[in-house]
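Written below as structure tokens is the structure these notes are about.
Here, each number is a calculation from the coordinates, and none is a lab measurement. Source: prediction; values computed, not measured. Here the Cβ is made from the backbone with ideal geometry for all residues, glycine too, and neighbour counts use every protein chain on show.
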Amino acid sequence: MNNHSCEAIVITCIDFRFQEYIHKWLEENFQPNTYDRGAFAGAAKNSDTILSQIEVANRLHHIKKAVIINHEDCGAYGPKGHIDHHVRDLQQVKKQISEQFPNLEVATYYLHLDGTFEHIV
């Protein structure tokens with residue numbers, strides 16, 4: 001068995017409009033090759049998928065942190081994609097992660113169209 005680890009898993013939406021912002025944010029907040037990355041339409045909207053990916057990263061890569069990033073104007077959320085819906089989903093998935101993986105630090109963000117990251121508590 002390989003013994004390798006990384007600091008975190010970062011899960012975002014797939015939306016191409018935000019990738020440049022996310023890439024820059026990752027460069028500013030993590031060293032190269034210190035995180036796993038997953039992208040799913042709607043990000044926090046898919047808590048079962050997120051939890052399964054975190055389980056793999058936690059088991060295989062011994063992560064210490066999970067970061068979930070939702071964004072403004074998300075097509076996966078459709079017309080119900082108001083910021084309050086995103087905040088509710090981010091808070092819910094954070095709670096689920098903390099319950100299932102009490103060893104992990106969890107950070108959630110809402111990414112605005114202008115590239116501003118809003119930390120969601």
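Remark: spin-label model distance K65-Q31 equals 1.3 nm, labels positioned 7 Å along the Cα→Cβ axis.
Between R37, R17, R88, find the one with the highest GNM mean-square fluctuation for the chain; connect C-alpha pairs within less than 10 Å. Per the Cα network of the chain with a 10 Å cutoff, R17 tops the list. Between helix 83-100 and the chain there is an angle of about 20 degrees, using the helix long axis and the longest principal axis of the Cα atoms.
Solvent-free Debye calculation, one equal scatterer per alpha-carbon of segment 8-120: log10 I(q)/I(0) at 0.14, 0.17, 0.23 Å⁻¹ equals -0.50, -0.75, -1.38. With springs connecting C-alpha atoms under 10 Å apart, model the chain as a Gaussian network and identify which of H86, H23, H71 has the largest mean-square fluctuation. So, out of H86, H23, H71, the one fluctuating most is H23.
Using Cα atoms only, what is the angle between the long axis of helix 19-29 and the major principal axis of the chain, expressed in degrees (0 to 90) to the nearest 10? Taking Cα atoms only, the helix is inclined about 50 degrees.
Pairs of lysines in segment 1-105 whose Cα atoms sit within less than 22 Å of one another amount to 12, provided the residues are eight or more positions apart or on different chains.
If you plug the beta carbon distance of F16 and T116 into 1/(1 + (r/R0)^6) with R0 = 22 Å, you get a FRET efficiency near 0.75. Note on the chain: antiparallel DSSP beta bridges, both residues inside, total approximately 20 percent of the bridges counted. With the chain treated as a Gaussian network of Cα nodes joined by springs under 10 Å, which of T49, T108, T12 yields the largest mean-square fluctuation? In the Gaussian network model the winner is T49.
Label sites at H23 and A39, each approximated as a point 7 angstrom past Cα along Cα to Cβ, lie 0.9 nm apart.
Please state the relative contact order of the chain as a whole percent: Cα pairs under 8 Å, 6+ residues apart?
Working: 193 pairs, mean separation 33.9, N = 121.
Relative contact order for the chain comes out at 28 percent.
For D36, the residues 5 or more places off, or on other chains, whose built amide H falls under 5 Å of its own are A8, I9, V10. Taken along the Cα-to-beta-carbon direction at a fixed 7 Å, the label points for D73 and K95 span 3.1 nm.
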